[in-house]
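Okay, so here's the structure we're looking at.
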Amino acid sequence: MGWILVVCAAVGFVVLLRYLKKKELELDARIQERFAGKNIRLMDKYALFMAQESDGYSHVRGAGTLVLSDEELFYERQIGHKVVSIPLNRIVQVGETRRLAGQSTGRRMLKIDFRTPEGEEDAVGWRVKELNRWKEEIQKGVDSVL
């Protein structure tokens, strides 16, 4: 009877891996389509969405793709379809923090303070590889549109 559980767990694991790979390929295709013909300054296919202040204290973390183009900072989560699009001219501050909207990782995360189209202040945070490079490139992008 124990071997049945092992086989079921193995099959479940393979199904999960295939599902995640399918979602990754679908996201890659959407990103390629959205940014076709645009200059991508930086991209992290495994950025971890941590929190957005306007969402309050209920957040679903998740890995996705973070893209910095000449016009915007864009993120789409692989599962759960969270999309964040921030035009560079709406970014108020580029920084880092260890805590945002009740979410903490114990590690530094990229924090972007920005104004919504309605003029409200908001902030969003991601864990990214090469945090300092992201901060520098976003700031360069913001400076170039001001």
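The values are calculated or read from the model by the stated rules, or taken from the named source; none is laboratory data. None of the values given here were measured: they were computed from a predicted structure. Glycine gets a Cβ as well: all are built from the backbone with ideal geometry, and neighbour counts include every protein chain shown.
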Take the residues in the range 80-104 that are closer than 17 Å to ASP55 by Cα and of a type in the set (A, V, I, L, M, F, W, C); name whichever of them is modelled with the lowest pLDDT. ALA101
Looking only at residues that are modelled with pLDDT of 90 or more and not charged (D, E, K, R) in the range 105-122, which one is surrounded by the fewest Cβ atoms within 10 Å (Cβ to Cβ)? THR116
Cross-chain or 6+ apart pairs with Cβ under 7 Å, the range 114-131 first and within 23 Å of ASP44 (Cα to Cα), then in a strand (DSSP E or B) and basic (Lys, Arg): ALA123/LYS111; GLY125/LYS111; ARG127/ARG107; LEU131/ARG108
